[in-house]
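Please read the structure below before turning to the comments.
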Amino acid sequence: MRVLVTGGAGYIGSHTCVDLLLAGHEVIVVDSLINSREESIRRIEEITGRKLFFHKVDLLDQEPLEAVFQESRIDAVIHFAGLKAVGESVIMPLQYYKNNIIGSLVLFEVMMHHGVRNLVFSSSATVYGDPASLPITEDFPLQASNPYGWGKVMLEQILRDLCQADPEMNIALLRYFNPVGAHPSGRIGEDPKGIPNNLVPYIAQVAVGKLSELQVFGNDYPTPDGTGVRDYIHVMDLASGHMKALEKLDTNPGLVTYNLGTGKGCSVLEMVNAFAEAAEKKIPYRIVARRPGDIASCYADASKAEKELSWRATRDIHAMCEDTWRWQSMNPNGYEE
Ligand code: NAD
Ligand code: UD1
């Protein structure tokens, strides 16, 4: 299959490209590099021993995007491209809506022009807001509390409407829980710009000595140890979820929605301990106030993906920490020279 991957130079996209190439697919990446580096493309090729076709194109620029579709007959699109920092989206809502919503609309329109009707879309557990109960199933009500989250809710709705209007469209909405980890080679991984907002990249930078201590945001949540609970999922498990979703689209299912998580909750302190074990280092931390907007617990019911895609996450938090640590210790400055 010839697969166009938007945002393929980024964290989840690069890992998915590895799986796609190893499965024999032809891969075309479109990425503006606004939050990534071309070095990741080189490393995907190094890991797989295969060539992929890279175009530095912003989805907001319709003409060069049309040219990419014109050049090769694309069978399916996996759409990762988007800005993803929640806090930043609150400060610059227009930039987020423009990049994520308009960029996606341009992509969908170009797909329509070229008769490309199979799409996998990166959604997020953020569309569940603060869930009324746990675990979260796909039929829970959708809500959001920031422009990033609203963008995901809106794009899901746009795609539902698109499927409704065109019965030949096949779309998989994949709602990721908390992606962590890296490729086991240690050659590609998450490379956040500046100080990380998310837990695991932060811990990794404490372990490698770039940051002095972790701030644990609250230990008074109604959870077993008082710290926040999340469903961390290894990025390689996520990548294989995309492969299964592509296969599913070939059966003409229309619009399908899946949670991609492990179904298991893990607390901040459990993650700190698992990382300390993997890195064989103490992770200094200090309990501070809760982070505004954070919820106590969030984890998936991932049984629908297991039943309908024959997909299940197989890597535990030890593998997540070991692989993150290999990437972080081999590349203390990420992809930067
Ligand atoms: P990332 O920032 O590493 O990758 C996104 C890529 O998209 C980057 O390479 C960036 O340069 C590119 N991009 C952004 N805007 C673009 C545009 N207008 N045109 C072309 N390229 C553009 O992020 P990621 O963690 O790999 O996330 C991938 C997708 O998954 C995003 O849509 C994100 O919202 C979603 N998601 C991520 C998480 C997470 O925690 N990482 C969780 C749930 C959902
Ligand atoms: C983030 C996103 C959310 C997205 C989700 C999955 C933010 C604010 N929210 O939330 O929109 O859907 O990832 O990708 O970015 N923690 C600390 N110290 C830190 C960092 C985090 O204690 O320095 C705690 C948090 O309070 C939370 C847990 O660690 O309990 C995980 O935090 P994080 O990695 O930011 O993920 P989410 O809170 O799920």
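Here are a few things to note about the model shown:
- Odd one out for Pro284, checked against (1) touching a Leu at 6+ places or on another chain (Cβ under 9 Å); (2) under 23 Å from Val208 (Cα atoms); (3) crowded, with 23+ Cβ neighbours inside 10 Å: (3)
Let's see how each residue does on (1) more than 10 Å from ligand 1 (Cβ to nearest atom); (2) closer than 24 Å to Arg315 by Cβ; (3) part of a helix (DSSP H, G or I):
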{"position": "Ala132", "(1), (2), (3)": "yes, no, no"}
{"position": "Pro141", "(1), (2), (3)": "yes, no, no"}
{"position": "Ser145", "(1), (2), (3)": "yes, no, no"}
{"position": "Gln157", "(1), (2), (3)": "yes, no, yes"}
{"position": "Asp161", "(1), (2), (3)": "yes, no, yes"}
{"position": "Gln164", "(1), (2), (3)": "yes, no, yes"}
{"position": "Ala172", "(1), (2), (3)": "yes, yes, no"}
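- The listed residue being open to solvent by 10 Å² or more (accessible area, probe 1.4 Å), over 19 Å from Tyr285 (Cβ atoms) and more than 9 Å from ligand 2 (Cβ to nearest atom), out of Asp191, Asp237: Asp191
To keep it simple, each residue is scored yes or no on (1) among the basic types (Lys, Arg); (2) open to solvent by 80 Å² or more (accessible area, probe 1.4 Å).
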| position | (1), (2) |
| --- | --- |
| Asn273 | no, yes |
| Ala289 | no, no |
| Asp301 | no, no |
| Arg312 | yes, yes |
| Ile317 | no, no |
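Matching residues to (1) away from ligand 1 (no atom under 13 Å from the Cβ); (2) closer than 20 Å to Lys304 by Cβ; (3) open to solvent by 40 Å² or more (accessible area, probe 1.4 Å):
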| position | (1), (2), (3) |
| --- | --- |
| Ile74 | yes, no, no |
| Val86 | no, no, yes |
| Asn99 | no, no, no |
| His114 | yes, no, yes |
| Tyr128 | no, yes, no |
| Trp150 | no, no, yes |
| Val153 | no, yes, no |
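- Condition check for Thr48: open to solvent by less than 60 Å² (accessible area, probe 1.4 Å) and touching a Phe, Trp or Tyr at 6+ places or on another chain (Cβ under 8 Å): no
- Condition check for Asp19: near ligand 1 (Cβ under 8 Å from one of its atoms) and open to solvent by 20 Å² or more (accessible area, probe 1.4 Å): no
- For region 215-224, filtered to residues that are on the phi < 0 side of the Ramachandran plot and surrounded by 12 or more Cβ atoms within 10 Å (Cβ to Cβ), the residue that is farthest from ligand 2 (Cβ to nearest atom) is Pro224.
- Residue in region 203-214 that is under 30 Å from Lys281 (Cβ atoms), of a type in the set (S, T, N, Q) and open to solvent by 10 Å² or more (accessible area, probe 1.4 Å) present: yes
The values are calculated or read from the model by the stated rules, or taken from the named source; none is laboratory data. Note that the structure is predicted; figures quoted are calculated from it, not measured. With ideal geometry, Cβ positions are generated from the backbone for all residues, glycine too; neighbour counts draw on all protein chains shown. To get the accessible areas, we keep the full protein, side chains included, count just its heavy atoms, and leave off ligands, DNA and RNA. Shrake-Rupley method; radii C 1.70, N 1.55, O 1.52, S 1.80 Å.
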